[in-house]
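> Sending over a structure as structure tokens; questions will come in a sec.
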Amino acid sequence: MHWSLSALPSPPFVEVGVRSLSGLLWTLLLLFLWHCYRVGSDLPLKAGARRARTCAGSSHRGPFVSMETEEDGQRGRGYLAPVLGRALFPAPAPAEARRLYAALQEYAKRYSWVGMGRIHKGLRDQVQLDEHAAIQKPHLFFLPDVPSVPFFPRDAHRHDIEVLEANFPVILDEFKSVYQRGIDPKQGWTCPGAKGLAAFALYSGGVCAAANCRACPRTYRTLLSLRTFISSNSLGSAGFWLLGPGAALGTSYGPTNARLRCHLGLQTPPLCELVVGGEPQCWSEGHCLLLDDSFLHTVSHKGPADAGPRVILSVDLWHPNVAAAERQALDFMFSPEL
């Protein structure tokens, strides 16, 4: 027997469902046309008008200048990223900040803006930072969003701390050998200015003091074995620091919070104190202190005259929260050759 679908009765709700579906489709079509009309009526601004509106909206923050060249603007592309490269830079910024910003742009031109957000923000915010009193105020470069405390635990740089402490005996012997030759500029010593303070630099501002390193070859090799030693830019230094009895260093800030300063105690008489961010600490022979000297800090030796000098090996290490790409960029920006 042959069955035909036309012979089957249609349920009464099918027709109603078709009409309802047709009405829904018309409603969606009208909503879509209305949306297209609204979007089309809000035409995008031209690039020049958009920049003008940005400048007008930022007028309450003071005058700004663009670090992008006119040639780059005419090309409409170039190496600058849309967000970072075309951001405006504070006009009141000092010459050093402008130089660093230009160096950052040059780095991005050669490599990439990827990972440069915090450095870019830090350069822009440095002007406002310098204008306010604070317990932490690096005078050269502040890296935002970096965990900051006056003293860091050993785990922040466990490998490098253990290397330094393991080599304490040979480092102390080499210090004694250069100290016995006399504190004389002809012997590689410098006196930074404070009475009772002397330094024997192995690295100064990212530059190796070759003659001094030859006088302390095992200490030099120890420095090279560290994983996070800042050896290629002007933010990093290493050397012996001597503070005589009765001497003190006034309150000061370090240049940046992108580094930590490691002190290996070599000779630590009583009544020697380091205060960082209001927290006092004392050195201990053969052990390291890890501190952020971008906090307000003071150093004093209140021991008797016969106590002898306090002596440390000071080594600058990268802050553990500075990424590899940021370290590379900072090496470029703070290159001793720039």
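The values are calculated or read from the model by the stated rules, or taken from the named source; none is laboratory data. The structure displayed is predicted, hence computed values, not measured ones. For neighbour counting, all protein chains shown are included, and Cβ atoms are generated from backbone atoms with ideal geometry for every residue, glycine included. The accessibility values were calculated without ligands, DNA or RNA, using every heavy atom of the protein model including side chains. Shrake-Rupley method; radii C 1.70, N 1.55, O 1.52, S 1.80 Å.
> Does Glu285 fit the bill of being open to solvent by 60 Å² or more (accessible area, probe 1.4 Å), among the acidic types (Asp, Glu) and over 21 Å from Arg110 (Cβ atoms)?
So Glu285 passes the test.
> Next question. Give region 114-137 a look and list any residue that's touching a helix residue (DSSP H, G or I) at 6+ places or on another chain (Cβ under 8 Å) and not in a helix (DSSP H, G or I), or say none.
Once the filter is applied, which keeps residues that are touching a helix residue (DSSP H, G or I) at 6+ places or on another chain (Cβ under 8 Å) and not in a helix (DSSP H, G or I), region 114-137 yields Val114, Gly115, Met116, Lys137.
> Continuing with this model, one more query. Please go through region 112-159 and pick out each residue that is open to solvent by 50 Å² or more (accessible area, probe 1.4 Å) and among the polar types (S, T, N, Q).
The answer is Gln128, and nothing else.
> For region 135-157, what are the residues that are charged (D, E, K, R) and farther than 13 Å from His287 by Cβ?
Residues satisfying the conditions are Lys137, Asp145, Asp155.
> Would you please name the residue that is nearest to His263 (Cα to Cα), looking only at residues in region 142-163 that are in contact with a helix residue (DSSP H, G or I) (Cβ under 8 Å, 6 or more places away or on another chain) and in a helix (DSSP H, G or I)?
So the residue we want is Ile161.
> So for region 187-200 (the condition being in contact with an Asp or Glu (Cβ under 7 Å, 6 or more places away or on another chain), surrounded by 13 or more Cβ atoms within 10 Å (Cβ to Cβ) and among the polar types (S, T, N, Q)), does at least one residue qualify?
No, region 187-200 contains no residue that is in contact with an Asp or Glu (Cβ under 7 Å, 6 or more places away or on another chain), surrounded by 13 or more Cβ atoms within 10 Å (Cβ to Cβ) and among the polar types (S, T, N, Q).
> Also, quick follow-up: Within region 223-241, work out how many residues are open to solvent by 10 Å² or more (accessible area, probe 1.4 Å) and either within 24 Å of Thr268 (Cβ to Cβ) or part of a loop (DSSP other than H, G, I, E, B) (or both).
Within region 223-241, residues that are open to solvent by 10 Å² or more (accessible area, probe 1.4 Å) and either within 24 Å of Thr268 (Cβ to Cβ) or part of a loop (DSSP other than H, G, I, E, B) (or both) number 10.
> Within region 247-254, identify whether any single residue is open to solvent by less than 50 Å² (accessible area, probe 1.4 Å), within 29 Å of the chain's Cα centre (by Cα) and of a type outside the set (Ser, Thr, Tyr), and answer yes or no.
yes
> Arg261 passes all but one of (1) surrounded by fewer than 18 Cβ atoms within 10 Å (Cβ to Cβ); (2) modelled with pLDDT of 95 or more; (3) under 30 Å from Asp173 (Cβ atoms); which number fails?
(1)
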